[in-house]
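Below is one structure, written out as structure tokens, with a few remarks after it.
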Amino acid sequence: TYKRPWAAVELLERVGSQYGLVIIGEGSLQQRIQKQIKENGLEGRVFYYSRIPNMQMYQYYAACDYFVNFNSHEIFGMSILEAMYQGCVVLARRAPGPEQIIEDGVSGFLCDSDKEMDKILLADLQLLDMGEKARQRIKEHFTWDINAERIRQQVLQWFDQNDFGKA
């Protein structure tokens with residue numbers, strides 16, 4: 001429930017017919033979401049997949065214009081990283097993970113409310129360059145190689161500060 005997938009369906013209803021929605025995932029809320037989609041007549045605009053093989057997920061991120069994260073308690077956000085790496089513009093509720101990853105208004109959007117997400121989508125901004133900036137942000141700050149080197153440097157610094165290796 002903390003991921004709030006029903007909010008994506010509500011967002012789709014508010015922003016109008018120019019958008020479609022892809023939902024991927026199964027779990028305890030699946031029936032509730034499918035019922036919401038049917039009751040609101042959105043079957044033709046929502047593509048619901050219970051499971052997608054991990055090796056194919058990148059294709060869905062790359063095909064979408066936006067990735068929307070409604071979790072206001074997101075502590076990291078691997079799916080945000082994956083979407084940004086594929087050049088997908090991310091709209092995320094403010095939370096520790098998104099605030100660490102996204103440069104607001106540069107490589108994605110940090111939103112204080114669902115209504116703020118509506119405004120961004122309804123503004124129909126030309127965001128192709130933002131998708132590329134998102135991809136660059138991930139490549140420059142969040143790859144395994146970059147983070148492994150950061151950890152290595154911190155360990156070496158800690159050893160130097162604590163006089164290890166000086167015998």
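The values are calculated or read from the model by the stated rules, or taken from the named source; none is laboratory data. In this text the structure is predicted, and so the values were computed from the model without any measurement. Note: ideal-geometry Cβ built from the backbone for every residue, glycine included; neighbour counts use all protein chains shown. Just so you know, the surface numbers come from the protein's heavy atoms only, side chains and all, with ligands and any DNA or RNA stripped out. Shrake-Rupley method; radii C 1.70, N 1.55, O 1.52, S 1.80 Å.
Please pick out the residue among LEU91, LEU156 that is aliphatic (A, V, I, L, M) and closer than 18 Å to SER72 by Cα. If you could, list the steps in order and put the result at the bottom.
On the way: LEU156 fails: closer than 18 Å to SER72 by Cα.
Of the residues listed, the single one that is aliphatic (A, V, I, L, M) and closer than 18 Å to SER72 by Cα is LEU91.
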- Message: All but one of (1) modelled with pLDDT under 95; (2) in contact with a strand residue (DSSP E or B) (Cβ under 9 Å, 6 or more places away or on another chain) hold for ASP112; state the number of the condition that does not hold.
- Response: (1)
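Which of the residues belonging to the range 12-62 are under 19 Å from LEU81 (Cα atoms) and either among the acidic types (Asp, Glu) or touching a residue at least 40 places away in the same chain (Cβ under 8 Å) (or both)?
As a first pass, look at the range 12-62 and keep what is under 19 Å from LEU81 (Cα atoms): 22-25, 52-62.
Selection gives VAL22 alone.
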- Among strands (runs of 3 or more DSSP E) entirely within the range 1-97, at least 2 residues that are of a type in the set (A, V, I, L, M), open to solvent by less than 40 Å² (accessible area, probe 1.4 Å) and in contact with a Leu (Cβ under 8 Å, 6 or more places away or on another chain) occur in 89-93
- Task: Considering only residues that are open to solvent by less than 100 Å² (accessible area, probe 1.4 Å) and among the polar types (S, T, N, Q), look in the range 143-161 and name the one that is modelled with the lowest pLDDT.
- Result: ASN147
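Quick check on the range 98-115: of everything there that is open to solvent by less than 20 Å² (accessible area, probe 1.4 Å) and part of a helix (DSSP H, G or I), which residue is nearest to ARG14 (Cα to Cα)?
First, the residues of the range 98-115 that are open to solvent by less than 20 Å² (accessible area, probe 1.4 Å): 98, 101-102, 107-108, 110-111.
This time we only want the ones that are part of a helix (DSSP H, G or I), so: 98, 101.
Numbers: PRO98: 24, ILE101: 27 Å.
Step by step, filter the range 98-115, then rank; the result is PRO98.
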- Message: If I filter the range 1-59 down to residues being closer than 16 Å to PHE70 by Cβ and of a type in the set (Asp, Glu), which single residue comes out as farthest from the chain's Cα centre (by Cα)?
- Response: GLU13
- Query: Can you find even one residue in the range 116-138 that is open to solvent by 50 Å² or more (accessible area, probe 1.4 Å), within 22 Å of ASN54 (Cα to Cα) and in a helix (DSSP H, G or I)?
  - Reply: yes
